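Below is one structure, written out as structure tokens, with a few remarks after it.
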Amino acid sequence: MSKKVEINIKPLTRVEGEGEVEIVVENGNVKKLQVEITEAPRFFEAFLIGRSYLEVPDFVARICGICPIPYMYSSSRAMEKILEIEIPKEIKDLRKILLFGEWISSHTLHVFLLHAPDFMKLNDVIELAKIKPEIVRKALKLKAFGNYIMEKIGGRSVHPVSCRIGGFYRVIRREELEEIKKECKDKQELAKELLEWILQLEIPKTKFDYEYLSLQDPEGEYPTIGGRIISNKGMNISEEEFENNIEEFQVPYSTSLRCRIKGRGTYITGPIARFNNNYKALRGEVRDILEAYGFKAPLVNTYQSIIARMAEIYHSTLEIERIINEYKEPEKPYIEGKVKAGWGCGASEAPRGILYHSYRINSEGYVEKARIIPPTTQNLAHIEQDILMQIPEIINKPIDEAQLMVEMIVRNYDPCISCSVHAIKVKIIKN
Amino acid sequence: MMIYEEYILRRALISKVTQETKDTYTYHIKPLESEIKGAPGQFNILYPYGGGEVPISVSGIENGDIMHTVRFVGAVTRMLSKMREGSVIGLRGPYGSIWPLNESKNQDILIVAGGIGLAPLRPVIMEVKKNRAEYGRLMILYGARTPQDLLYRREFEEYSKIEDCEFHVTVDKGDEKWTGNVGVVTTLIPKVEVNPKNTIAMVCGPETMMIFTVKDLMEKKGLNESRIYISMERRMRCGIGQCGHCQVGPFFVCRDGPVFQYSKIKRYFEVKYI
Amino acid sequence: MKSIIMMGTENELRTLFDKFKGKATIIGPKIPNGEIAIRYCELNDYSEIPREVEDDQEPGKYKLMQGKFFRHGFDSPKKYMFPSTLKIIRVEKELEVKPYNYDPKETVFFAIKPCDAAAIKIMDKTFTWNKDAYYNAQRGKITIIVENCIKPGKTCFCATMGTGPRATENFDIAYTKINGKVLFEAGSIKGEKILMEIEVLKPASNEVIIEFIKVMDEAYEKAKAPFTTINLPEKLEINIANENLWKELSEKCLGCGNCTMVCPTCFCFDIYDESHLDEHVDRVRYWDSCFTYRYAEVARGHFRPEIWAMYRQWILHKFSYWKKQFNILGCVGCGRCITWCPAGIDLRENVKKASIGV
Amino acid sequence: MKIAIFKFASCSGCQLELLNLEEELLEIAGKVEIAYFVEASRKLMKGPYDISLVEGSVSTPEQLEELHKIREESKYLIAIGSCATAGGIQALRNWAQLEEYKKIVYLNPEWIKTLEKSTPLSEHVKVDFEIRGCPINRKQLLWVLSQIIVGREPFLPTHSLCIQCKIKGYTCVLVTRGEPCLGPVVMAGCGALCPSFQRPCYACYGPSDLPQTIKLAQQFTEKGLSKKDISLLFKKCESWTPKFKEVVEKYE
Ligand SMILES: Cc1cc2nc3c(=O)[nH]c(=O)nc-3n(C[C@H](O)[C@H](O)[C@H](O)COP(=O)(O)OP(=O)(O)OC[C@H]3O[C@@H](n4cnc5c(N)ncnc54)[C@H](O)[C@@H]3O)c2cc1C
Ligand code: SF4
Ligand code: SF4
Ligand code: SF4
């Protein structure tokens, strides 16, 4: 008896878009496994050419409404290297607060609105709110806090307006940050409670030996902007070496490129990678709770990415308060550099992992070449890999469960909001 | 402590709705809190919940109910179109000046109305009918785009039966059933005999129609500009001379108008885009 | 009321300021942290009033720099009596109307300019006529302390409009800083009483008064526009139908509305119905401008669909209609609309051109 | 009332603004039925829908087909954001050679299918209302939704950003620093965010209701900006709107 299992998940979405998953298994052999990206191409790398270096952060922010800040940071960092701008501590600190704000907002969105319903076999957050109203209310409050931070410092949470190359458009005043600080204690409490709730979720058990790639902060903090790129399998390179070590490739069924480490294969970037590679840099308060529930790095089960994400939320709420306490208003809102021809690259940790940019500009500051490698692109090939590893289990499940399982695997990577694929239609044909 | 009394809307009940044309209804409105007045020419501000305020002329008073005839042209009026008998709306007013009924005592009255412009003039017709002896001849010239756009058709017979009343109707474009006049309202002007020394004209309609009517009345009928009254329409956000929108030259249409003696407004009325 | 000029020093100015501390909200000029213009805001201490700065104002340009005497930024006392956004009433389903309550605080305008005091006089006429409840409530609780302008700016023309550079009416106390001295004048009984309490003040000597007059006279010459207000409404209206003229005058106008927003007397507003999910609606009043497209739009047409007509409405309202409506001109010559016009249109030149035709 | 949310070429930022209505989200869900929202729910209901919110520009043949289907299934179609109302930032390719662009971005350009231009919904179907901005302002979105719930056709102000800037009390960056702020020709809606950070507006909300774009460009020329810089100023997420296009074409 031949047994054919066909799983067709449509629509599935990319960082900012649409995609599908198609799986065909015949007699236990995988005939087809495609995580397809059908999102309309938007040609950012092309229309950036000829634009002024100053415009780039605002443009690339528009690649993704969920994580515009790292887009602005990676591009600014690349330009700042070309222009030889040294970013002072005050501005670095501000940037970190803003980024943590985005992590809080983006992670809370994913953990509670998109991911948690999976573990409770629910369709969406509205259903979750019916059985766990307190949890949802707390999560929404926490998410609002993330947005509040971005609005205070950035003007708005989607495509903030205050960031520029060299710093910010105006000095962010202490008083403004004090207002954020007032909220911190309360939100730390919320984050802690929610972390404890997540730690008690029933999470599927798997164990795989994957490669995790993340930044490592030069000052030993939890990684945010810039630093070495490290992995649990011994990779340790500078941002400048990224393009030499990571290769991009394209598959015919997808408008998204995908990545692998040259000569080695696919890898994971994102919260679970940061967590595993930088566990010591997490705030002690966070580790204490994790360990009290029996968790610590490395997490080798990708379903536990939800734990890494929630840990980062709590970490962020604590760090924001610390940085505000140390904050001194910078003298100048931004540092001006010398426009000259050159090439530069920059990486930062987006909520979903390493975001790498590189640019070449001419002597008048107009872009000649742009290269952007977002985390979801990097994870994409690995998502297929991850599904592949779990195929034996998937095909032995009843149809709905198999369907949900594939979706869950994809959602573990939080491939941006669109890519959270809560609405993946899975078609499984068994014969 | 202070409150903005000027803006307090009073609750009122729609007691009857009559369809006039495809897009125009007449509402009979019963005040629920205090009496609502309104003299011919004046307007009230109507407010469907959450929609916004619209100024609408008084088109009649019947058994203590006030009548408003509304054409549905935009967001707020279309909201009104969904209101039925028994609906509650907000209302404030009355505001604005009145038709020169006092000055018209013992005078002939010439009414020229275009489209929805008959609504503010209907109370004048009713007043003349009621106190027939106090006024001279009544002439009504009314025009609309098509026969289907004529307001108050069910009352036309009543108008023509008013003693010593001439009533002419025209449409820009007739249909198979239409046997009456065809042409813009100014084509009716030659049909009436006007004594320029003894006639007060009251005009309301679209601004271009008013421009041509006034011109004809002065040039062809010899009416002095001080004997002509027009009712103007402007955007109004407050109705009480605060918001600035309704200004025509130095005049606030909501307070100094909407009814203006033509001699007073002429200087501005004739200027393009004033 | 005796209009005696009293003499003191900056110490007495501080004493005057301190008299209001804790008793009233004091509004005055300040350069808030990180700001790039002088703003009217709440002051907690006399020392917050800027010193050693000057505002360089030109058509379409404003810059703060080192200097001795500053004038004003773009905001005026208007925003305190006629807030840019104000909830008027709340309507609940079934049309239950709940008015918002206003309880304005006792307020002192400290160190505002003569033109601003004159603007309040104009607003008194427009808003009182209008029975504006909020305005009247706040206005009844205001004390006006004016600083006379010894050095009018490049966009000022208060002299022409008869509102400055020395305040002559509509204030409680006016003061003038001249060569290290501060001269005080009372403009109301209230002001006189306050001044009497400051014992150190002495009547100014003749020499000081002569010095004062000389400074004010020089200032007067610097604040003139190239037109006069004599018969201005009539002169302007002669050209009311001259479309080409208005097109030429508004050639650079962007229709952005900045001029009306910064004007200390412009009073137009719109009311929005802000509906909320919990089934209540706030009727909110916002500043509006005759330069917005919707301003003169009606259901099926537009009364002023082109920029030149809007521009004419603005000029004629200020310099002609206003006089007919409120028996006063609508402009005080503060020059804000000139400085803050992004296109740098010089109102003075345009009024001049419009009043004689081209 | 059944609401559906759709997405074409875009960054998802506008629908994120819907999710960012944290406090109101559950309240909205109580008033209306969120029938189709790929980003938020596994449960997808079939049309017809009372209101469809559509994000993103039309840029592939499939999207065009889907748009017509959405139009048929929706009583009230609202375009949200610059992409859906103006073609979005990806409309910058409308000025370029598409094949060139494909080569720049993709290793195998022949695999990429797309329409020649990225266009707003209104170029293809009747749109009942537009909420503009890149991204839209969630307060405006909420206002529009609550107006519809109350039974009113939606309304949003269309005047210049300068008016909002002054209502909020921000100091003008154009006048104080001579920086090329587009506020005078841009529609209000964001809350004058950039001026609040002393930054010139770069026009996320597109043209206001009577935008004097050519005159403003002329102003900038007088302030010393080069033709190229002026055309770049107008060539951003709202570049495909007629009044902005006019400047881009004249100054490019
Ligand atoms: C003195 C006078 C008497 C009148 N008498 C009559 C009469 O007897 N019969 C009659 O049919 N008409 C009469 N009209 C005309 C009538 O007032 C208009 O047709 C009506 O106001 C149109 O309103 P609308 O909202 O339906 O149309 P729209 O044109 O859609 O709305 C008017 C304007 O209001 C604005 N707006 C919409 N929503 C809001 C909101 N939420 N907040 C703020 N602004 C908003 C819009 O910008 C719109 O342009 C009279 C007008 C005047 C001045
Ligand atoms: S005059 Fe100047 S400030 Fe006023 S609308 Fe025109 S351009 Fe704007
Ligand atoms: S900063 Fe820009 S938006 Fe604000 S007033 Fe100035 S020109 Fe207008
Ligand atoms: S660029 Fe303009 S529209 Fe966009 S946020 Fe800034 S001020 Fe608002």
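Please treat every number below as a calculation from the coordinates, not as lab data. Because the structure is predicted, anything quoted here is derived from the model rather than measured. Positions of Cβ are generated from backbone atoms using ideal geometry, with glycine treated the same way; all protein chains shown enter the neighbour counts.
Database note for chain B: Cys without another Cys beta carbon under 4.7 angstrom, B:C165, B:C204, B:C246, B:C254.
Between C:E251 and D:K75, the modelled label-to-label distance comes to 5.4 nm, taking each label 7 Å out from Cα in the direction of the beta carbon. Label reach from D:E252 (point 7 Å along Cα→C-beta): in segment D:45-76, amide nitrogens under 20 Å belong to D:57-60.
According to the Kirkwood relation over distinct C-alpha pairs, the hydrodynamic radius of chain C is 21.8 Å. Of all lysines in the structure, the ones whose alpha carbon falls short of 23 Å from that of A:K192, not counting any fewer than 8 places away in one chain, are A:K96, A:K130, A:K132, A:K138, A:K141, A:K143, A:K181, A:K182, A:K280, A:K296. Rounded to the nearest 0.05, the FRET efficiency derived from the C-beta distance between C:A241 and C:E169 at R0 = 51 Å is 0.90. Of all DSSP bridge pairs formed entirely within the protein assembly as shown, close to 70 percent run antiparallel.
Taking springs between alpha-carbon atoms closer than 10 angstrom, which of A:F168, A:F242, A:F295 fluctuates most in the Gaussian network model of chain A? For chain A, modelled as a Gaussian network with Cα springs under 10 Å, the answer is A:F295.
Charge dipole of segment D:2-149 (Cα centre as origin; +1 on each Lys and Arg Cβ, -1 on each Asp and Glu Cβ, all else neutral): 80 debye, rounded to the nearest 20. Between B:G114, D:V186, D:P154, the Cα set farthest toward the positive side of the dipole of the protein assembly as shown (charges on each charged residue's Cβ, about the Cα centre) is that of B:G114.
Inter-part distance, segment D:25-85 to segment B:104-160, computed on C-alpha centroids, equals 51 Å.
With the convex hull drawn over the C-alpha atoms of segment D:161-251, the volume per residue is 79 Å³. Taking the alpha carbon gyration tensor of segment C:238-299, multiplying each eigenvalue by 5 and rooting it gives semi-axes of 33, 13, 10 Å, largest first.
Computed as a quarter of the hull surface, the mean projected area of the alpha carbon convex hull for the protein assembly as shown stands at 55.7 nm².
Phi angles of segment A:219-225 translate, via the Karplus equation with coefficients 6.51, -1.76, 1.60 and θ = phi - 60°, into HN-Hα couplings of 9, x, 7, 5, x, 9, 10 Hz per residue; Gly and Pro are given as x.
Between C:K353 and A:E247, the simple spin-label model (points 7 angstrom out along Cα→Cβ) gives 6.9 nm. Pairs of Lys residues in segment B:61-173, spaced 8 or more positions apart or belonging to different chains, with C-alpha separations under 17 angstrom: 4 in total. Put a plus charge on the Cβ of each Lys and Arg, a minus charge on the Cβ of each Asp and Glu, and nothing anywhere else: the dipole of the protein assembly as shown about its Cα centre is then about 1640 debye. Legend: distances between Cα atoms for D:K69/D:K102; A:K92/A:K187; A:K89/A:K152; pairs beyond 25 Å are D:K69/D:K102. Counting Cβ atoms of other protein chains within 10 Å of each residue's Cβ and taking the mean over peptide C:90-102 gives 5. Sorting the Cα pairs of segment D:3-69 by distance into bins of 10 Å, from 0 upward, gives 20, 52, 25, 4 percent per bin.
Each Lys or Arg adds one and each Asp or Glu subtracts one; over the other residues with Cβ under 14 Å from the Cβ of C:N327, this totals +3.
A protection proxy built from the mean count of other Cβ atoms within 10 Å ranks the segments A:324-333, D:205-214, B:85-94, most packed first, as D:205-214, B:85-94, A:324-333.
Look at the dipole of chain C built from charges on Cβ: of C:I4, C:T15, C:C341, the Cα furthest out on the positive end belongs to C:I4.
Based on the Stokes-Einstein relation at 10 °C and a viscosity of 1.306 mPa s, and on the Kirkwood radius from alpha carbon pairs, segment B:108-269 is assigned a translational diffusion coefficient of 97 µm²/s. Over all orientations, segment D:2-149 has a Cα convex hull whose mean projected area works out to 9.0 square nanometres. Taking 13 Å as the cut-off, the amide N atoms of segment A:340-374 that come nearer than this to a point 7 Å along the Cα-to-beta-carbon line of A:S52 belong to A:364-367. So what does the Cα-only Debye profile of chain A read at q = 0.06, 0.07, 0.09, 0.12 Å⁻¹, as log10 I(q)/I(0), no solvent term? With no solvent term, the Cα-only Debye profile gives -0.24, -0.32, -0.54, -0.96. One way to sum up the overall shape of segment A:63-121 is the equivalent ellipsoid from its Cα gyration tensor, whose semi-axes run 32, 13, 6 Å, largest first. In this structure the amide hydrogen of B:Y229, modeled in the peptide plane, comes within under 5 Å of the amide hydrogens of B:A201, B:M202, B:V203, B:Y262, none closer than 5 places in sequence on its chain. Sorting the segments A:305-314, A:387-396 by their mean number of nearby beta carbons within 10 angstrom, highest to lowest, gives A:305-314, A:387-396. Give me the distance between the Cα centres of segment C:11-43 and segment B:177-233, rounded to whole Å. Their Cα centres are 62 Å away from one another.
Can you give the calculated 222 nm mean residue ellipticity of the protein assembly as shown, where each DSSP H run of n ≥ 4 adds -39,500 (n - 2.57) and the sum is split over every residue, rounded to the nearest 500 deg cm²/dmol? Here the helix-only value at 222 nm equals -10000 deg cm²/dmol. Its relative contact order, with pairs defined as Cα atoms under 8 Å and 6+ residues apart, puts chain D at 17 percent. Looking at segment C:104-204, the DSSP beta bridges with both ends there are about 45 percent antiparallel.
For the protein assembly as shown, the residue among C:P226, A:L201, D:Q90 whose Cα projects farthest onto the positive side of the dipole built from Cβ charges is C:P226.
For segment D:143-151, backbone phi angles converted through the Karplus equation (6.51, -1.76, 1.60; θ = phi - 60°) give residue-by-residue couplings of 5, 4, 4, 6, 5, 5, 4, 6, x Hz, Gly and Pro being listed as x.
Two numbers describe the Cα atoms of chain B: Rg and Dmax, which are 18.3, 65 Å. Taken about its Cα centre, chain C carries a charge dipole of about 620 debye when Lys and Arg each add +1 at the Cβ and Asp and Glu each add -1 at the Cβ.
For the residues of C:30-43, the average number of beta carbons from a partner chain within 10 Å of their own beta carbon is 3. Taking label points 7 Å from Cα along the Cα-to-Cβ direction, B:R132 and D:H68 give a separation of 6.6 nm.
Each peptide in B:136-145, A:55-64 gets a packing score, the mean of other Cβ atoms within 10 Å over its residues, and the list from highest to lowest is A:55-64, B:136-145.
If you count Lys pairs in segment D:161-251 whose Cα atoms are under 18 Å apart, skipping same-chain pairs closer than 8 places in sequence, the total is 22. What the Kirkwood sum gives for segment C:1-158 is a hydrodynamic radius of 17.7 Å, with every pair of different alpha carbons counted. Cα centroids of segment D:170-222 and segment C:67-96: 23 Å apart. For the segment B:4-14, counting C-beta atoms of other chains within 10 Å of every residue's C-beta and taking the mean gives 5. Using C-alpha pairs under 8 Å with a sequence gap of at least 6, the mean separation divided by the residue count of segment A:296-421 gives a relative contact order of 20 percent.
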